[in-house]
Amino acid sequence: MSWFSSIAPTFNSGTVNFSPALAPGASTYFSLESPPTGKTITVGTPSSLTTVLSGGGQTGATVTVAAGTPVTDAATVGGTVGGTGAGSASGEVTYAIYKDPACTALAAQAGGAPVTNGVGGPSTPVATLAGGTYYWLASYSGDINNQAAVSACGTERLIVAKKASLGLPS
């Protein structure tokens, strides 16, 4: 059994170059060990999301619309990557709508959109919510330079106005 392969003398220098032999199918790459219990490996820079609702001619953190009015959300990735900012972030952002400010009772999914140069595409327009107050949440997938991020629940509020009933006969 040979311990070395590719032995190649370099003439006139007295140097011998060699590399360790590898078993058939083996790789020169190695895998990372599992992190210690309670620890995680993070890659990239911490990211944050800035979001804004749009609907019924309004834009902002709180939007009030009549039932049936389409509303969308949009997200921008923040953070820094090697001093260049998250302006080069890619990946995907997904949107969800919840019935409570703790974001535990899902009301509707609002789709996903690609993130290009730190800007996420808008959510799918949602116009099917009944009257009430809803809370939007955006989730960024992360990329090789930016960690995943989730917007803070309760910071974006959608109020869908209930239709008025005058009690008159029709």
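The values are calculated or read from the model by the stated rules, or taken from the named source; none is laboratory data. Everything numeric in this text was worked out from a predicted model, so none of it was measured. Note that we place each Cβ from the backbone using ideal geometry, even for glycine, and neighbour counts take in every protein chain shown. Keep in mind that these areas ignore ligands, DNA and RNA; they rest on the heavy atoms of the full protein, side chains included. Shrake-Rupley method; radii C 1.70, N 1.55, O 1.52, S 1.80 Å.
Checked against the criterion of being more than 12 Å from the chain's Cα centre (by Cα), surrounded by 12 or more Cβ atoms within 10 Å (Cβ to Cβ) and outside any strand (DSSP E or B), segment 104-120 has no qualifying residue. Candidates THR94, THR133: the one that is open to solvent by 40 Å² or more (accessible area, probe 1.4 Å), in a strand (DSSP E or B), touching a residue at least 40 places away in the same chain (Cβ under 8 Å) and not basic (Lys, Arg) is THR94.
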